[in-house]
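No lab work stands behind these numbers, since they all come straight from the coordinates. As the structure is a prediction and not an experimental result, all values here were calculated from the model. We place every Cβ from the backbone using ideal geometry, glycine too, and count neighbours over all the protein chains shown.
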């Protein structure tokens, strides 16, 4: 029996790497635009070839990101509707109970840790945070990219409002990623230095039993029933 | 060379009425006036133009140099009688050949002119490009800014059309009709000696600073009830941000992709009161102004520009709500996540 279990499909791994590259590109070209009058912004913009080029890169990466999200969501909805996808990412009441249980554990009020299924509440939070954040930046980004079209149907105020929302949403996403995601994927003592699952697609049985015990239990059951 | 081309070049002054002649310097002034005090003294140049050689000593005495300089201070090359022949064929040649005398004292302003558009024209061969004496006068030099409106009138000698436009602008009317000293004259924006070419991209990109130098000055704007946040709100928007970055890039962008600068919406020499009926930026005219660059813009589009107002609940509720929303959401989100990380570490490290 292999020591590893496949956790992420090839497609999921490609999606992650793509989001990673696009997110970095969008952050590097977007944040200096939001904070264009701070000391570090102008040098960054100059290194990247000037504001016109920075905007071009940001638009290209943004449109690619939009395509990625649209493909991802339509596929996901299609799979869910046809019943071919497990609903493992849908938030449930159990997630709230797990969050409270984890908080109690952190505070030392209990020694019993929450037992997670395929995705724990933190992972679901991050996934849905990314999806909702993506919808906000894509919609506001398109308003900013096509202001003439947007104001044909919507009040003019939508443009500066979109600009403010786009920058703030982007900033929040950036902070969540560098603080929360980097902690959970790299710095947390549980995974330090590097949780490689999303790149290799594999997770060790040991880690799976520890981090996703409910899913692991189901897996063992299935394996035993298959054995003669 | 025929006798008529013998041009005697003298400025003459009479110091007797006003003060004691400084020694040496003014030596010979009386001698000069013996001939140049004669109103009918003149020569005919090879071009056929007559050049009067009369020097009005009273006018000179009333000039800024009166009592300070003697003839040969400027006409230093005139050493002998009768004067040497000069090679000038026209009046203009004479002026151009002689104007550099000013630099002997006014060196700093003279060297500034070498960076100006007028000198560039002269260097390209335009003999009509103005030199010192064309703006300041020669024997009758007086303070160029007394009264202040004189500055613009001096420029109007050549720049007639643009001066007329300026005179009917909000700045020009205040200057000429109200004798208001707060408003800019030509040289406040264009400078005087090192006049920059206004079609130069670099100069255009710097133009918002010119406007801002007065329009962010609270003391100056207060009597007129004008906002001093115009620059700040401009910079916070696309146009201002792009313009300021284009400037930092040092390589000026192509003129056709330049973002809107103050003057593109408000006008240049024809700037009107922002809230007046002829203003290009008043609501009724704003869309047309936007459409100069944004072809096909619909009525709503011009509302995307907040007219230099800062977002407020009353004026722009949507923006205000987004602003307040994120002001709470971001610290709440990041603080909450950071707290969870700290609690986790605390459990792992301390509270095992």
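Taking label positions 7 Å along the Cα-Cβ direction at both residue A:75 and residue A:226, the computed distance is 2.3 nm, reported to one decimal. When the alpha carbon gyration tensor of the protein assembly as shown is reduced to an equivalent ellipsoid, the three semi-axes, largest first, read 79, 24, 22 Å. Annotation for residue B:229 and residue B:111: the two label points, set 7 Å from Cα along the Cα-Cβ direction, are 4.5 nm apart. Residues A:58, B:75 in ascending order of nearby Cβ atoms (within 10 Å, fewest first): B:75, A:58. Each of residue A:217 and residue B:275 was given a label point 7 Å from its Cα along the Cα-to-Cβ line. The distance between the two points is 7.3 nm.
If neighbour count is taken as other Cβ atoms inside 10 Å, put B:91, B:204 in order from fewest to most. Numbers along the way, then the final one.
Numbers: B:91 13, B:204 22.
Ordered from fewest to most neighbouring Cβ atoms within 10 Å, B:91, B:204 come out as B:91, B:204.
With a 10 Å cut-off around each Cβ of A:37-43, the average count of Cβ atoms from other chains is 2. By the count of other C-beta atoms within 10 Å, a proxy for reagent exposure, A:121, A:127 are ordered fewest to most as A:127, A:121. Our summary of shape: the Cα atoms of chain A have principal axis extents of 66, 42, 32 Å, ordered from largest down, in whole angstrom.
For residue B:126 and residue B:81, calculate 0.36 nm times their separation in residues minus their Cα-Cα distance, and state this gained length in nm to one decimal. Let's see the in-between values first.
Details: separation 45, 0.36 × 45 = 16.20 nm, distance 3.40 nm.
Once the chain is fully extended between residue B:126 and residue B:81, it gains 12.8 nm.
Here the peptides B:262-274, A:150-162, B:225-237 are ranked by packing, the mean other Cβ count within 10 Å, and the order with the highest first is A:150-162, B:262-274, B:225-237. Counting Cβ atoms of other protein chains within 10 Å of each Cβ in B:294-300 and taking the mean gives 5. Subtracting the Cα-Cα distance of residue A:149 and residue A:115 from 0.36 nm times their residue separation leaves 7.3 nm of extension gain. Note down the Stokes-Einstein diffusion coefficient of chain B in µm²/s, whole number, using a Kirkwood radius over alpha carbon pairs, 37 °C, and 0.692 mPa s. Result for D is 128 µm²/s.
Over the residues of the protein assembly as shown, the helix contribution to mean residue ellipticity at 222 nm works out to -16000 deg cm²/dmol, using -39500 (n - 2.57) for each DSSP H run of at least 4.
Please list, in order, the residues from segment A:6-30 whose amide nitrogen is less than 19 Å from a point placed 7 Å along the Cα→Cβ vector of residue A:85. From segment A:6-30, the list is A:7-20. Inter-chain Cβ neighbour count for A:107-113, averaged per residue, equals 2 (cutoff 10 Å, partner chain atoms only).
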